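Report on one structure; see the data block that follows.
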Amino acid sequence: MNKVVERVALGGFSAGTQRHLTVHRYGQRGARPKAYIQASLHADEIPGMMAAHHLLGLLDKAAAEGKVVGEIVVVPAANPIGLAQVVNGYHLGRYDLVGDGNFNRHWPDLFGDLPALVEGKLTQDETANIATIRAAIGQRLDGMTALSETQKLKLGLTRLAYDADIVLDVHCDDDSLMHVYIPPEHWPAYSDLAAELEARACLTSADSGSFCFDETFYMPWSKLRQAVGDKFPIPSPCFVATVELRGQADVSDELGAQDAAALFRFLQRHGAIAGNPGEAPALLCEATPLDATDVVQTPAAGILAYKVALGDKVKAGDHIADVIDPMADAASARTRIVAVNDGFVLAKRLHKLVIAGHRIAKIVGTQSLKHRQAKLMLE
Ligand SMILES: [Zn+2]
């Protein structure tokens, strides 16, 4: 069978411990297109691991039948550090407990001295430039070192993915409808990903300002284009997407199999696997700018009482939730939270006890919001 399973050691975290990544490789090394798929970088987001589990079954079969045309790399559990974060009976998994912050922020910057590395090597041949730039990015990665276990995790995953044509980072939201984040320039060329997954929102941003995993592989090309694109053709050969497989509680064999089949058809349509996936289904949404999605935060602490359901349409000023102060003298002590934009409710909070500043909803609108112009992805 045309498949190899590798283990990538992360070194020891503390004396006597050792963790690793499990990497499933299909197809020939260097075959194109190369697709890289990882799940559950936020280790508390289980739907991705379930979908990856089912996807491996489909890929094993395709490999046994000789149908893997490109190279496919799957990391079905991208964060063994987060998987172990069980504290007093509760699994965490979103933040590095040692102090490196959100596992999906502050990824290595693969741009850096890229202009210097490719100086004198770029031509008017776009295809040749892709190979030149990929080699230079590889050179940058070769020179990077990591000390902590989390930094080793990030560098190890980056090395697996940096030269891919397709990078899918599979997450989920808190309590949510299916959605995807993609760079605007890859829409609508890769809109079939959203169509296959039956996504209800496709959120686009050219740069979230947060160095998220997917942007690691997209930003070097767009930054290099800004730097020298007037002299040489610099394409955007790596399609990246962060896939949000609904909410944290949406975990079942049925959903996992459905999502895996959708990803498999997407890989077929883009040439990584032989076979006809058929026409992509109709899109359930159009792409909207990420800065048109409001992330509603509560100004008060207490018990969260929603007045809207997922998918509900709202207008600015509509009542979306109350936050009840259980310590107040009067039972009427509620903080009313209203929408600030027109749109629909994409995501809510699963756990209903909040502190001030907690995010309680995402409302997808179509018009860019002034207060969402800075950092688009909160920590
Ligand atoms: Zn996530």
- Output the number of the condition that N104 fails; it satisfies all remaining conditions of (1) more than 16 Å from the ligand (Cβ to nearest atom); (2) not in a strand (DSSP E or B). (1)
- All conditions in (1) more than 12 Å from the chain's Cα centre (by Cα); (2) within 16 Å of the ligand (Cβ to nearest atom) are true of L224 except (2)
- Please enumerate the residues belonging to the range 148-181 that are closer than 22 Å to D44 by Cα, part of a strand (DSSP E or B) and either among the aliphatic types (A, V, I, L, M) or away from the ligand (no atom under 15 Å from the Cβ) (or both). V167, L168, V170, V180
- Residues in the range 54-67: is at least one out of contact with any Asp or Glu (no Cβ under 7 Å at 6 or more places or on another chain), open to solvent by less than 40 Å² (accessible area, probe 1.4 Å) and within 16 Å of the ligand (Cβ to nearest atom)? no
- If you check E196, E254, which single one turns out to be under 29 Å from K313 (Cα atoms), away from the ligand (no atom under 16 Å from the Cβ) and touching a Lys or Arg at 6+ places or on another chain (Cβ under 6 Å)? E196
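Looking at the structure I just gave you, is V98 open to solvent by 70 Å² or more (accessible area, probe 1.4 Å) and either part of a strand (DSSP E or B) or more than 16 Å from the ligand (Cβ to nearest atom) (or both)?
Yes, satisfied.
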- Scan of the range 25-44 for residues that are outside any loop (DSSP other than H, G, I, E, B), touching a Gly at 6+ places or on another chain (Cβ under 8 Å) and away from the ligand (no atom under 16 Å from the Cβ), ordered by number: K34, A35
- Exactly one of L267, L290 is within 19 Å of the chain's Cα centre (by Cα), buried (at least 18 other Cβ atoms within 10 Å of the Cβ) and closer than 20 Å to T204 by Cβ, and that residue is L290
- Task: Say whether the condition of being buried (at least 19 other Cβ atoms within 10 Å of the Cβ), touching a Lys or Arg at 6+ places or on another chain (Cβ under 8 Å) and not basic (K, R) is met by at least one residue in the range 179-188.
- Result: yes
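Select from the range 246-285 the residues that are polar (S, T, N, Q) and outside any loop (DSSP other than H, G, I, E, B) and list them in ascending order. Spell out the reasoning first.
The first filter runs over the range 246-285 and keeps only residues polar (S, T, N, Q), leaving 248, 252, 258, 268, 276.
The answer is Q258, Q268.
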- Can you pull out the residues in the range 45-81 that are without any contact (Cβ under 8 Å) to a residue 60 or more places away in the chain, in a loop (DSSP other than H, G, I, E, B) and over 16 Å from G275 (Cα atoms)? P76, A77
- Message: I'd like to know if the range 321-328 contains one or more residues that are open to solvent by less than 10 Å² (accessible area, probe 1.4 Å) and out of contact with any helix residue (DSSP H, G or I) (no Cβ under 6 Å at 6 or more places or on another chain).
- Response: yes
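The values are calculated or read from the model by the stated rules, or taken from the named source; none is laboratory data. This structure is a prediction, so every number in the text was calculated from the model and none was measured. Counting neighbours? That spans all protein chains shown, and the Cβs are built from the backbone with ideal geometry, glycine included. Surface accessibility is based on the protein's heavy atoms, side chains included, excluding ligands, DNA and RNA. Shrake-Rupley method; radii C 1.70, N 1.55, O 1.52, S 1.80 Å.
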